[in-house]
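Peer 1: Can you keep this structure in mind? I'll have questions shortly.
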Amino acid sequence: MTKTVSHDVANLKLASEGKKKIEWAGQNMPVLRQIQEEFTQAKPLKGITIGACLHVTSETANLVIAFLRGGAKVALCASNPLSTQDMVAASLVVDYGVPVFAIHGEDRKTYYKHLNQVLDVHPQVTTDDGADLVTLLHTERKKQISELIGSAEETTTGVIRLKAMAKDRTLKVPVLAV
């Protein structure tokens, strides 16, 4: 890739290993592969910027690729630093041009720096695993809430957090519990 992509990953030299891992996972995800094919034609996400805080794995990489094929711009950080696959993070940066902020085993300070780096792209949609992006938007980055169309939450823990925010009437964006 000739264009420099903003990132904070462990080692870009791991990209070729990561691409093989992403491709192998993609071969074993037929439904997502079909969605990618449909998105390539229809471009339903054209002009949308997605901020994602998810497990940075080969499976998630294929979801990110589907978003890209749908026309979206995507920035990704790790929802769980212990599940981050450094080679996948590197491949997403090098081979797919995705700003990725994820390092296996990163500390709490780095984790929050990475959350903020994803929000620095001013996403219109977020997809979260634990509601950390949405929570950060509601606590420290309130001015950005008006930029959001909505969010998706993947975990029970995140849904519980969001339901508590909704009950307290502090949740200011629509969220789809996946």
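The values are calculated or read from the model by the stated rules, or taken from the named source; none is laboratory data. Being a predicted model, the structure only gives us computed values, none of them experimental. Reconstructed Cβ throughout: ideal geometry from the backbone, glycine too, with neighbour counts over all protein chains shown. Each accessible area value is taken on the protein alone, full model and side chains, heavy atoms only, with ligands, DNA and RNA left out. Shrake-Rupley method; radii C 1.70, N 1.55, O 1.52, S 1.80 Å.
Peer 1: Could you grab me the full set of residues in segment 53-84 that are open to solvent by less than 40 Å² (accessible area, probe 1.4 Å), in a loop (DSSP other than H, G, I, E, B) and of a type in the set (S, T, N, Q)? Give the steps one after another, and end with the answer.
Peer 2: Within segment 53-84, the first condition is being open to solvent by less than 40 Å² (accessible area, probe 1.4 Å), and the residues that meet it are 53-54, 56-58, 60-62, 64-67, 70-72, 74-79, 81, 83-84.
Remaining after also requiring in a loop (DSSP other than H, G, I, E, B): 56-57, 70-72, 79, 81, 83-84.
THR57, SER79, SER83, THR84 - these are the residues of segment 53-84 that are open to solvent by less than 40 Å² (accessible area, probe 1.4 Å), in a loop (DSSP other than H, G, I, E, B) and of a type in the set (S, T, N, Q).
Peer 1: Tell me which residues, restricted to segment 99-137, are in a loop (DSSP other than H, G, I, E, B), within 12 Å of the chain's Cα centre (by Cα) and closer than 13 Å to LYS73 by Cα.
Peer 2: PRO99, VAL121, PRO123
Peer 1: OK, next. Quick check on segment 113-123. Is at least one of its residues at pLDDT 95 or above, crowded, with 17+ Cβ neighbours inside 10 Å and among the acidic types (Asp, Glu)?
Peer 2: no
Peer 1: Using the structure shown, decide if THR40 is under 24 Å from GLY158 (Cα atoms) and either open to solvent by 10 Å² or more (accessible area, probe 1.4 Å) or not small (Gly, Ala, Ser) (or both).
Peer 2: Details: under 24 Å from GLY158 (Cα atoms): no; either open to solvent by 10 Å² or more (accessible area, probe 1.4 Å) or not small (Gly, Ala, Ser) (or both): yes.
No.
Peer 1: Which one is surrounded by the fewest Cβ atoms within 10 Å (Cβ to Cβ), of the residues in segment 161-178 that are part of a helix (DSSP H, G or I) and over 20 Å from the mean Cα position of the chain (by Cα)? Walk me through how you get there before you give the answer.
Peer 2: Of all residues in segment 161-178, those part of a helix (DSSP H, G or I) come to 161-167.
So of that shortlist, the ones also over 20 Å from the mean Cα position of the chain (by Cα) come out as 163-167.
On the way: LYS163: 15, ALA164: 12, MET165: 18, ALA166: 12, LYS167: 9.
Per the criteria, the residue is LYS167.
Peer 1: While we're looking at this one, here's another question. Test SER91 against the stated conditions and say whether it is of a type in the set (S, T, N, Q), in a helix (DSSP H, G or I), buried (at least 17 other Cβ atoms within 10 Å of the Cβ) and in contact (Cβ under 8 Å) with a residue 60 or more places away in the chain. Let's see the steps before the verdict.
Peer 2: On the way: of a type in the set (S, T, N, Q): yes; in a helix (DSSP H, G or I): yes; buried (at least 17 other Cβ atoms within 10 Å of the Cβ): yes; in contact (Cβ under 8 Å) with a residue 60 or more places away in the chain: yes.
It is true that SER91 is of a type in the set (S, T, N, Q), in a helix (DSSP H, G or I), buried (at least 17 other Cβ atoms within 10 Å of the Cβ) and in contact (Cβ under 8 Å) with a residue 60 or more places away in the chain.
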